[in-house]
Amino acid sequence: MERYRAYSKGAIIGAFVKFKKVVVGGTFDYLHDGHKAILAKAFEAGERVLVGICSDEMQLLLQKDSAGIQPINMRKQALDALLRSEGWLERADVVVISDAFGPTVEDPEVEAIVVSPEIRKRAEELNKLRGSRGLPPLEIIEIPFVLAEDGKPISSIRVRYGEIDVHGKVLKNFQVA
(Lines give C-alpha, C1' and ligand atoms only; values in the text may rest on other atoms or scores of the structure.)
Protein backbone atom coordinates (compact mmCIF):
# COMPACT_ATOMS: atom_id res chain seq x y z
CA MET A 1 0.00 0.00 0.00
CA GLU A 2 1.35 3.38 -0.97
CA ARG A 3 1.84 5.54 2.14
CA TYR A 4 2.01 8.87 0.33
CA ARG A 5 2.02 10.37 -3.09
CA ALA A 6 4.16 13.45 -3.74
CA TYR A 7 3.25 15.88 -6.50
CA SER A 8 5.49 18.33 -8.29
CA LYS A 9 3.55 21.29 -6.89
CA GLY A 10 4.60 20.28 -3.38
CA ALA A 11 1.41 18.55 -2.32
CA ILE A 12 1.69 15.52 -0.14
CA ILE A 13 -1.44 13.43 0.17
CA GLY A 14 -1.73 10.98 3.01
CA ALA A 15 1.82 11.75 4.14
CA PHE A 16 3.22 10.54 7.42
CA VAL A 17 5.86 13.22 7.82
CA LYS A 18 6.72 15.35 10.80
CA PHE A 19 7.19 19.07 10.73
CA LYS A 20 8.03 21.31 13.66
CA LYS A 21 5.12 23.64 12.92
CA VAL A 22 2.07 23.11 10.72
CA VAL A 23 -0.82 25.47 10.04
CA VAL A 24 -4.49 24.85 9.37
CA GLY A 25 -7.30 27.37 9.17
CA GLY A 26 -11.02 27.65 8.74
CA THR A 27 -14.31 28.90 10.06
CA PHE A 28 -14.73 25.83 12.29
CA ASP A 29 -18.47 26.45 12.25
CA TYR A 30 -20.57 23.52 13.45
CA LEU A 31 -17.54 21.30 13.98
CA HIS A 32 -18.01 18.25 11.80
CA ASP A 33 -16.09 15.15 10.73
CA GLY A 34 -14.35 17.08 7.94
CA HIS A 35 -12.93 19.52 10.48
CA LYS A 36 -11.85 16.62 12.66
CA ALA A 37 -10.07 14.96 9.72
CA ILE A 38 -8.13 18.07 8.73
CA LEU A 39 -7.15 18.75 12.34
CA ALA A 40 -6.12 15.10 12.85
CA LYS A 41 -3.87 15.31 9.77
CA ALA A 42 -2.34 18.56 11.03
CA PHE A 43 -1.55 17.06 14.44
CA GLU A 44 -0.24 13.91 12.79
CA ALA A 45 2.12 15.95 10.61
CA GLY A 46 3.23 18.62 13.07
CA GLU A 47 4.80 18.82 16.47
CA ARG A 48 2.99 22.15 16.94
CA VAL A 49 -0.09 23.29 15.05
CA LEU A 50 -1.12 26.88 14.43
CA VAL A 51 -4.92 26.82 14.10
CA GLY A 52 -6.39 29.92 12.49
CA ILE A 53 -10.08 30.46 13.18
CA CYS A 54 -11.84 33.07 11.06
CA SER A 55 -13.11 36.17 12.84
CA ASP A 56 -16.76 37.13 12.58
CA GLU A 57 -15.76 39.96 10.20
CA MET A 58 -13.82 37.57 7.97
CA GLN A 59 -16.95 35.55 7.21
CA LEU A 60 -18.16 38.33 4.94
CA LEU A 61 -14.83 38.43 3.10
CA LEU A 62 -14.84 34.69 2.39
CA GLN A 63 -17.77 35.06 0.01
CA LYS A 64 -19.43 32.07 1.63
CA ASP A 65 -23.01 31.82 2.67
CA SER A 66 -22.36 33.37 6.05
CA ALA A 67 -25.97 33.61 7.26
CA GLY A 68 -26.27 31.67 10.47
CA ILE A 69 -22.56 31.15 11.13
CA GLN A 70 -21.99 30.83 14.85
CA PRO A 71 -20.28 33.77 16.58
CA ILE A 72 -16.52 33.49 17.09
CA ASN A 73 -16.82 32.89 20.85
CA MET A 74 -19.04 29.83 20.27
CA ARG A 75 -16.82 28.47 17.47
CA LYS A 76 -13.64 29.00 19.48
CA GLN A 77 -15.15 27.35 22.57
CA ALA A 78 -16.19 24.30 20.52
CA LEU A 79 -12.75 24.16 18.87
CA ASP A 80 -10.97 24.36 22.23
CA ALA A 81 -13.20 21.56 23.57
CA LEU A 82 -12.38 19.36 20.57
CA LEU A 83 -8.64 20.04 20.88
CA ARG A 84 -8.81 19.20 24.59
CA SER A 85 -10.83 16.00 24.06
CA GLU A 86 -8.38 14.74 21.42
CA GLY A 87 -5.33 15.56 23.57
CA TRP A 88 -4.12 18.20 21.10
CA LEU A 89 -4.66 21.39 23.10
CA GLU A 90 -1.13 21.57 24.53
CA ARG A 91 0.34 21.34 20.99
CA ALA A 92 -2.03 23.94 19.52
CA ASP A 93 -1.76 27.70 19.11
CA VAL A 94 -5.24 28.98 18.25
CA VAL A 95 -5.38 32.44 16.70
CA VAL A 96 -8.30 34.46 15.37
CA ILE A 97 -7.57 35.52 11.80
CA SER A 98 -9.06 38.46 9.94
CA ASP A 99 -7.65 37.74 6.48
CA ALA A 100 -7.20 34.68 4.28
CA PHE A 101 -3.63 33.98 5.39
CA GLY A 102 -3.32 35.08 9.01
CA PRO A 103 0.18 35.16 10.52
CA THR A 104 1.38 32.35 8.23
CA VAL A 105 2.41 34.80 5.52
CA GLU A 106 5.15 36.14 7.84
CA ASP A 107 5.89 33.24 10.19
CA PRO A 108 9.27 31.71 9.29
CA GLU A 109 8.70 28.73 11.63
CA VAL A 110 5.71 27.30 9.74
CA GLU A 111 6.79 24.47 7.44
CA ALA A 112 3.54 22.97 6.16
CA ILE A 113 -0.15 23.69 5.66
CA VAL A 114 -3.00 21.17 5.70
CA VAL A 115 -5.84 21.88 3.29
CA SER A 116 -8.89 20.34 1.66
CA PRO A 117 -9.19 20.36 -2.15
CA GLU A 118 -11.26 23.57 -2.15
CA ILE A 119 -8.52 25.49 -0.32
CA ARG A 120 -5.49 24.26 -2.26
CA LYS A 121 -5.36 27.32 -4.57
CA ARG A 122 -5.33 29.61 -1.53
CA ALA A 123 -2.35 27.65 -0.15
CA GLU A 124 -0.56 28.13 -3.46
CA GLU A 125 -1.28 31.89 -3.26
CA LEU A 126 0.11 31.86 0.28
CA ASN A 127 3.33 30.30 -0.97
CA LYS A 128 3.70 33.05 -3.58
CA LEU A 129 3.24 35.70 -0.89
CA ARG A 130 5.77 33.98 1.36
CA GLY A 131 8.22 33.83 -1.53
CA SER A 132 7.82 37.56 -2.19
CA ARG A 133 8.80 38.13 1.45
CA GLY A 134 11.85 35.88 1.28
CA LEU A 135 10.27 32.97 3.14
CA PRO A 136 10.37 29.38 1.94
CA PRO A 137 7.19 27.82 0.54
CA LEU A 138 5.11 25.58 2.75
CA GLU A 139 4.62 21.91 2.01
CA ILE A 140 0.97 21.57 1.05
CA ILE A 141 -0.66 18.54 2.62
CA GLU A 142 -3.99 18.01 0.89
CA ILE A 143 -6.53 15.67 2.39
CA PRO A 144 -9.60 14.46 0.50
CA PHE A 145 -13.05 15.67 1.40
CA VAL A 146 -14.84 13.66 4.07
CA LEU A 147 -18.03 12.52 2.39
CA ALA A 148 -21.50 12.33 3.85
CA GLU A 149 -23.55 9.18 3.37
CA ASP A 150 -24.98 10.71 0.17
CA GLY A 151 -21.48 10.92 -1.35
CA LYS A 152 -21.26 14.72 -1.17
CA PRO A 153 -18.67 16.51 1.00
CA ILE A 154 -19.59 17.24 4.60
CA SER A 155 -19.71 20.99 5.12
CA SER A 156 -20.82 23.45 7.77
CA ILE A 157 -23.33 24.94 5.35
CA ARG A 158 -25.01 21.57 4.87
CA VAL A 159 -25.10 21.05 8.64
CA ARG A 160 -26.40 24.57 9.25
CA TYR A 161 -29.23 24.08 6.76
CA GLY A 162 -30.25 20.79 8.38
CA GLU A 163 -29.35 18.71 5.33
CA ILE A 164 -26.89 16.48 7.24
CA ASP A 165 -25.60 16.08 10.77
CA VAL A 166 -21.97 16.70 11.80
CA HIS A 167 -21.11 13.08 10.92
CA GLY A 168 -22.58 13.26 7.41
CA LYS A 169 -25.80 11.40 8.12
CA VAL A 170 -28.54 12.68 5.82
CA LEU A 171 -31.40 14.04 7.89
CA LYS A 172 -34.73 12.57 6.89
CA ASN A 173 -36.69 15.81 7.24
CA PHE A 174 -34.47 17.76 4.81
CA GLN A 175 -36.32 18.94 1.72
CA VAL A 176 -34.68 20.62 -1.28
CA ALA A 177 -36.69 23.73 -2.14
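From the list GLU139, GLU86, pick out the single residue that is touching a residue at least 12 places away in the same chain (Cβ under 8 Å) and buried (at least 16 other Cβ atoms within 10 Å of the Cβ).
Values: GLU86 fails: buried (at least 16 other Cβ atoms within 10 Å of the Cβ).
The unique qualifying residue is GLU139.
Residue-wise test of (1) among the aliphatic types (A, V, I, L, M); (2) modelled with pLDDT of 85 or more; (3) part of a strand (DSSP E or B); (4) in contact with a Leu (Cβ under 9 Å, 6 or more places away or on another chain).
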residue: VAL49; (1), (2), (3), (4): yes, yes, yes, yes
residue: ILE53; (1), (2), (3), (4): yes, yes, yes, yes
residue: GLU57; (1), (2), (3), (4): no, no, no, no
residue: GLN63; (1), (2), (3), (4): no, no, no, no
residue: ARG75; (1), (2), (3), (4): no, yes, no, yes
residue: ALA78; (1), (2), (3), (4): yes, yes, no, yes
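I need the full set of residues from region 136-164 which are assigned to a helix (DSSP H, G or I) and farther than 24 Å from VAL49 by Cα, in order please. Hits for region 136-164 are ILE157, ARG158, VAL159, ARG160.
Condition check for LYS18 on (1) modelled with pLDDT under 95; (2) surrounded by 15 or more Cβ atoms within 10 Å (Cβ to Cβ); (3) out of contact with any Pro (no Cβ under 7 Å at 6 or more places or on another chain): one failure, at (2).
Restricting attention to region 111-136 and to residues that are among the basic types (Lys, Arg) and touching a residue at least 24 places away in the same chain (Cβ under 8 Å), the residue that is farthest from LEU39 (Cα to Cα) turns out to be ARG133. Could you say whether any residue in region 165-176 is touching a Lys or Arg at 6+ places or on another chain (Cβ under 8 Å) and either free of Cβ contacts under 8 Å to residues at least 60 places away in the same chain or not in a loop (DSSP other than H, G, I, E, B) (or both)? No - not one qualifying residue is present in region 165-176. For region 142-160, a tally of residues being surrounded by fewer than 19 Cβ atoms within 10 Å (Cβ to Cβ) and without any contact (Cβ under 8 Å) to a residue 40 or more places away in the chain returns 5.
Hey, does region 121-128 have a residue that's surrounded by 17 or more Cβ atoms within 10 Å (Cβ to Cβ) and basic (Lys, Arg)? So far as region 121-128 goes, no, none of its residues is surrounded by 17 or more Cβ atoms within 10 Å (Cβ to Cβ) and basic (Lys, Arg). Those residues that are part of a helix (DSSP H, G or I) and over 14 Å from ARG133 (Cα atoms), I need them from region 93-116; list them, please. Scanning region 93-116 gives a single hit, GLY102. The set of residues in region 161-177 being surrounded by 15 or more Cβ atoms within 10 Å (Cβ to Cβ) and within 20 Å of the chain's Cα centre (by Cα) consists of ILE164, ASP165, VAL166, GLY168.
The values are calculated or read from the model by the stated rules, or taken from the named source; none is laboratory data. This is a predicted model, so every value here is computed, not measured. All Cβ positions, even for glycine, are placed from backbone atoms using ideal geometry, and neighbour counts span all protein chains on display.
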